[in-house]
Amino acid sequence: MAGAWLLARWSPDRIRTVLRLLRAGARGATYAQAYQARSSVVALGPRGVDAGLIDPGGVRRSLATVLLCRLHGTWPTWCTAARTDTQEPRSWVEAGGRPVGEPFPPDRGRVVVRVGPLLPPCV
């Protein structure tokens, strides 16, 4: 997604500002909805936003997941942290209070930005 690529180039504060505007009116995403969006983003493969060398911290992947959810009227929680083991930034989405499809434990970094939904999910 071009939007994710553009947003990923900005500072965390600027990304937070844009995401706060975009989440308006969206219901919280369920874990299943966020997982489906993330799976669609990952399915793009090396030409998409999930290429490891292009997106090592998952910033583009997580932003693309959030934007895809928003297109469907939902909003997961977007998080970015400074990893304690490598000092590299790491971004992911959460739904239902847990990371969606992430291979690392969520306690491996200090969360710097968290942008969650304003409305609860429809279940």
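The values are calculated or read from the model by the stated rules, or taken from the named source; none is laboratory data. Bear in mind the structure is a predicted one, so any value in this text is a computation, not a measurement. Here Cβ is always computed from backbone atoms with ideal geometry, including for glycine, and neighbour counts include all displayed protein chains.
A few points about this structure:
- Residue match in the stretch 70-83 (condition: part of a helix (DSSP H, G or I) and either farther than 24 Å from residue 2 by Cβ or at pLDDT 95 or above (or both)): yes
- Residue within the stretch 39-49 that is within 18 Å of residue 117 (Cα to Cα), modelled with pLDDT of 90 or more and not in a loop (DSSP other than H, G, I, E, B) present: no
- Filter pass, residue 58 being at pLDDT 90 or above and out of contact with any helix residue (DSSP H, G or I) (no Cβ under 9 Å at 6 or more places or on another chain): no
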